[in-house]
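These notes concern the structure reproduced below.
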Amino acid sequence: MNKQQITQLNSRFDGIAQTTAEDNVEFWYARDLQDILGYTEWRNFQRAIDDAKEACAAAGGTTGNHFVDVNKMVQIGSGAERKVADIMLTRYACYLIAQNGDPRKPEIAFAQTYFALQTRKQELIEERIRLHERLQARERLKESEIALSKNLYERGVDDKGFGRIRSKGDAALFGGKSTQAMKDHLAVPGSRPLADFLPTVTIAAKHLATEMTNHNVTAKELTGEAPITREHVQNNTSVRAMLGERGIQPETLPPAEDLKKLERRVKAAEKKMIRASELPGYPTEQEEEEL
C-alpha cells in the first residue's frame, strides 16, 4: 500500500466519522462502514458484526456500550423516507469488525490499523501498517515451518534433524552465519526464535525458501536428512542471490522489535480503547421503538 492509497483511505474513514452531540464521543454507523470495507450485502456484514460482538465480550468489554442499535430515516426516492436499522459503532467495535475481515484486502488491513490508533497522524498509521505486515509474515513463516516439520517427520527426519536442516538453511541465507550465530549477532535471547527479531523482508525470505523446500521434498520424493538438507540449502542460496540482486544482505540488517513486546503493546492499546471509546446512555433499538 503506497502513501497515496493510505491518504485516500484515511480521508474516506475520516469522512464517515460521527460524534455524539452530548459527550462528543467518536462513532461510526455500521451501514457507512459496510461500504468502505467492501461488503455489498448487509446480512453478510452483520455476520462480521456478530463475530466482533463475541470478541468484545471475550475481551471483557460491555457489548452494549460499543454496538448500539439505532433506527435511521433514509430517502428512498421522490422525497419519501423509510426507517432502517443501523448500529452505532465505537472505534473499538470497528476495530473488532475489521479484525474479522480478510487481512489480504488493503481496506481491511488499513481499517485494523486506523481504528487501533487514538491519533490520526499519517506517519503513525504507516508505522502500524508495517508492524501489521510483519506480524502476518511471521505467522506465514510459522505455518510453513510446521508443515515442513511434519513433512520431514514422515520422511525419516526427527525434530533434531529438522533443527539441523533449518540451521544450515539459515547459514545459506545469512552468508555463512548459522541460526545460533545470527541469534548472537542480533542479541536474541537463547530461548526465543530468531524470526521473532527479524525484519519483514527477512521473514518473507525465510518463508519463501521454506515453502520451496516443502514443495520440492514432496515433488522429488526426497527421503532422509542429507538430501533434504541439500535441497533446503539450495533454496536458501537462491533466495539470498535474489535479495543480493536488489542490494539486500540479510545478515547486515538491524534487528526488528521483539514480536512478543509488540503483541503486548497492541493488547494494552486494545484495553485502553475499551475504556476510552464506550458509548454509554444510548437506547437500544427496542427501547427506541417504545419511546
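The values are calculated or read from the model by the stated rules, or taken from the named source; none is laboratory data. Because the structure is a prediction, the values reported are computed rather than measured. Glycine gets a Cβ as well: all are built from the backbone with ideal geometry, and neighbour counts include every protein chain shown.
One residue stands out among those in the range 2-14 that are polar (S, T, N, Q) and part of a helix (DSSP H, G or I): the one that is modelled with the lowest pLDDT, which is Gln5. Right, His215: in contact with an Asp or Glu (Cβ under 9 Å, 6 or more places away or on another chain), under 26 Å from Arg246 (Cβ atoms) and surrounded by fewer than 15 Cβ atoms within 10 Å (Cβ to Cβ) or not? Considered against the rule, which asks whether it is in contact with an Asp or Glu (Cβ under 9 Å, 6 or more places away or on another chain), under 26 Å from Arg246 (Cβ atoms) and surrounded by fewer than 15 Cβ atoms within 10 Å (Cβ to Cβ), His215 comes out as no.
Does Val188 satisfy being assigned by TED's automatic domain parsing to the domain that holds Glu133, crowded, with 21+ Cβ neighbours inside 10 Å and not acidic (Asp, Glu)? No: the conditions fail for Val188. Once the range 51-73 is narrowed to residues that are at pLDDT below 80 and among the hydrophobic types (A, V, I, L, M, F, W, C), the residue that is farthest from Ile97 (Cα to Cα) is Met73. So how many residues does the range 142-170 have that are in contact (Cβ under 8 Å) with a residue 24 or more places away in the chain, surrounded by fewer than 19 Cβ atoms within 10 Å (Cβ to Cβ) and among the hydrophobic types (A, V, I, L, M, F, W, C)? Qualifying residue count for the region: 1. Taking the criterion of being surrounded by 13 or more Cβ atoms within 10 Å (Cβ to Cβ) and either in contact with a Ser or Thr (Cβ under 9 Å, 6 or more places away or on another chain) or modelled with pLDDT under 70 (or both), the residues of the range 252-274 that qualify are Leu253, Ala256, Val266, Ala269, Glu270, Lys271, Met273, Ile274.
Among the conditions (1) modelled with pLDDT under 95; (2) under 28 Å from the mean Cα position of the chain (by Cα), the only one that Leu291 does not satisfy is (2). One residue stands out in the range 218-251 among those that are within 24 Å of Leu135 (Cα to Cα) and among the charged types (D, E, K, R): the one that is surrounded by the most Cβ atoms within 10 Å (Cβ to Cβ), namely Arg240.
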